[in-house]
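Chemist: My questions all concern the structure below.
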Amino acid sequence: MDAGREFDLAIIGGGINGCGIARDAAGRGASVYLCEMNDLASGTSSWSTKLIHGGLRYLEYFEFRLVREALIEREVLWRLAPHIVHPLRLVLPHHRGLRPAWLLRLGLFLYDHLGARGLLPPTAVVDLVHSELGQPLKPNTFRRGFEYSDCTVDDARLVIANAQDAERRGAVIAPRTRAVSARVENGAWMLDVEETATGATYQIRALSLVNAAGPWVEEVLRASMGREPGAKVRLVQGSHILVRKLYAHDRAYIFQNTDGRIVFAIPYERDFTLIGTTDRDYTGDPGGAVATDEEVAYLCAAASEYFARPVAIEDVVWKYAGIRPLYDDGASEAKAATRDYVFELEKAGSGPPLLSIFGGKITTYRRLAEAALRKLAPHVDALKSAGAWTAGAQLPGGEFPVEGLAAIEADIGSRYPFLGADRAHRLARTYGTLAGSMLGEAAAPADLGQDFGGGLTQREVDYLVAHEWARSAEDILWRRTKLGLVVDAAGVRALEAYLGEQLARSGASMRSAQV
């Protein structure tokens, strides 16, 4: 608790934009406070398509600046976090009757040349009749395609890594802490917050305030500050489904649909294929979004248009939905709404600034953070002297070359041979160079404590609670890891019981210390 403390910058929202801004500002020497009403990355930032991409289809809407910025960021983010960002080749089959081949070629030519591509290979024409890339597809239907590059990302872990680095640099990160109200007093923002687990309230003082609440950006302005936003947010639901692995190779597919949308099929967590996404306008509580039966049927039908083996609703092993807080540019359809970000800066006279963020995408979060601090720098002394720095500073766990992940995995396997190849692979891609900090001096499975299934042990759970703000089974199984896909119901119950005991014990210790 930091009651009464003054900060240069307070941030409302613990998604990728909020945590990215916190990291950047803290690295420039500013004192930073960030609060998030739920777990970090519990909203939009953990429900993405898991891609770091330029957005090929955005070229059709002439979003050239956004696409260029995103294309450049692919390799920047790969270098910053090579344990959780990985290169991906995508196959785009030519579907006769939809976009013509010349248009696809033109779009991919621009895609190759708009951004500063250095490490990722260029587009290539592929034969879908005689190569393994065509084997999963309907026979005698797709003869030619195009293969191009983007990257995949563990979206929630990217948020956590930014929060960890922000904290290392002095920021206060306060998840499960709701912004109740904010008002200007004596030239600063007075922010009242409430710890959602205990109901305890406290107040901090900030010389500037950032509203990075994502889908709740307008609600924060109205309910917490009594202000009516000038810009508007358009809530768009994107849903995804997960099925058992549909093919053996490591490429993803991007499919055109007759409605003008595209759907991805992406290898996911070794044993699954991720299919998404949808675009539909959404009203109501952003936290209540679920993938509807209609959306699931749409995704199954879209995939079945291309794959030789139809994807049936009963094949779906998991589904999820997220709400994208897009800037409302007045587009007639959700699929056409801009993915660019827009800032609304309020500053009355000598009063403290308030910056609200509308839109954005995970690929461009780092550039968004830089742009946000440029907006604030003239009004915040702590931001005036230092410039952008995050493009060259690797995130926690990612302190190795982009081609070095196999060596990290081999090192974990060598130091902890009892883990086995599969667990060493997962831990390398989850924690990178921090895997050793989590495993410590363990020399045998018994040293890792209680086993919850799926390779999740007490040692890892304790690490996530102590170093990554995890508090619930959902935090651990679906955001810090994706082990919710393999841990059974008994393991979930055991994990919930263990966390309950640990958190009750730590709460009792804190209360006795206060007495």
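Values in this text are rule-based calculations from the coordinates and carry no lab data. Quick caveat, the model's predicted, so the values are computed rather than measured. A quick note on method: Cβ atoms are made from the backbone with ideal geometry, for glycine too, and the neighbour counts reach across all protein chains shown.
Chemist: Which label belongs to the value computed from this structure, given these candidates for mean projected area of the Cα convex hull in nm²: [x] 41.1; [y] 24.4; [z] 31.8?
Modeler: Comparing each candidate, only [y] matches the computed number.
Chemist: With runs of 4+ DSSP H residues as the only contributors, calculate the mean residue ellipticity of the chain at 222 nm using -39,500 (n - 2.57) per run, divided by the residue total and rounded to the nearest 500. Don't skip to the answer; put the middle values down first.
Modeler: On the way: 11 runs with 144 residues, N = 515.
My calculation for the chain gives -9000 deg cm²/dmol from helical runs alone.
Chemist: Using the alpha-carbon centroid of each, what span in Å lies between the stretch 270-311 and the stretch 162-188?
Modeler: The two parts, judged by their Cα centres, are 35 Å apart.
Chemist: Kindly list the residues of the stretch 378-412 that lie in the label zone of Ser437, defined by a backbone N under 11 Å from the point 7 Å along the Cα-to-C-beta vector.
Modeler: Residues passing the 11 Å test: 396-399.
Chemist: How many nm separate the modelled label positions at Asp488 and Arg222, each set 7 Å beyond the Cα in the direction of the Cβ?
Modeler: Here the modelled spin labels are 4.8 nm apart.
Chemist: Given the pairs Lys319/Lys482; Lys50/Lys245; Lys245/Lys319; Lys232/Lys319; Lys50/Lys138; Lys335/Lys375, which are separated by over 18 angstrom at their Cα positions? All intermediate terms of the calculation are to be shown ahead of the outcome.
Modeler: Details: Lys319/Lys482 13 Å; Lys50/Lys245 16 Å; Lys245/Lys319 15 Å; Lys232/Lys319 29 Å; Lys50/Lys138 26 Å; Lys335/Lys375 29 Å.
Flagged as over cut-off: Lys232/Lys319; Lys50/Lys138; Lys335/Lys375.
Chemist: Residues with amide H under 5 Å of Trp318's amide H, sequence separation 5 or more or different chain, H placed in the peptide plane at 1.01 Å from N; which?
Modeler: For Trp318, whose amide H was placed from the backbone, the distant partners under 5 Å are Leu242.
Chemist: Treating only the Cβ atoms of Lys and Arg (+1) and Asp and Glu (-1) as charged, compute the dipole magnitude of the chain about its Cα centre; round to the nearest 20 debye.
Modeler: Details: 58 positive and 64 negative charges, 199 e Å.
With Lys and Arg at +1 and Asp and Glu at -1, about 960 debye.
Chemist: If you put +1 on each Lys and Arg Cβ and -1 on each Asp and Glu Cβ, how big is the dipole of the stretch 332-490 around its Cα centre, in Debye rounded to 20?
Modeler: For the stretch 332-490, the charge dipole is close to 620 debye.
Chemist: Among Leu477, Gln502, Val487, flag the residue with its Cα farthest along the positive direction of the charge dipole of the stretch 449-515, charges on Cβ as +1 for Lys/Arg and -1 for Asp/Glu.
Modeler: Most positive-ward Cα: Gln502.
Chemist: Additional query: From Cα coordinates alone, what are the radius of gyration and Dmax values for the stretch 449-515 in angstrom?
Modeler: Looking at the stretch 449-515, its Cα Rg and Dmax stand at 12.4, 43 Å.
Chemist: For Asp250 and Ala497, what is the calculated FRET efficiency with R₀ set at 41 Å and r taken between the beta-carbons, to the nearest 0.05? Show your work: numbers first, answer last.
Modeler: Working: r = 38 Å, r/R0 = 0.93.
With a Förster radius of 41 Å, E is 0.60.
Chemist: Given points 7 Å out from each Cα along the Cα-Cβ axis, report the Ala386 to Arg99 separation in nanometres with one decimal.
Modeler: 4.1
Chemist: Lys and Arg at +1, Asp and Glu at -1: add these up for the other residues within a Cβ distance under 14 Å of Ile275 and post the number. Each step should come with its number before you reach the end.
Modeler: Details: positive: Lys50, Arg244, Lys245, Arg261, Arg309, Lys319; negative: Glu269, Glu295, Glu305, Asp315.
That works out to +2.
Chemist: Efficiency by 1/(1 + (r/R0)^6): what FRET value for Ser506 and Arg374, r their Cβ-Cβ distance, R0 = 41 Å, to the nearest 0.05?
Modeler: On the way: r = 41 Å, r/R0 = 0.99.
Given R0 = 41 Å and the Cβ-Cβ separation, E is 0.50.
Chemist: Could you calculate the contour length gain from Thr141 to Thr201, that is, 0.36 nm times the residue separation minus the distance between their Cα atoms, to one decimal place in nm?
Modeler: 15.4 nm
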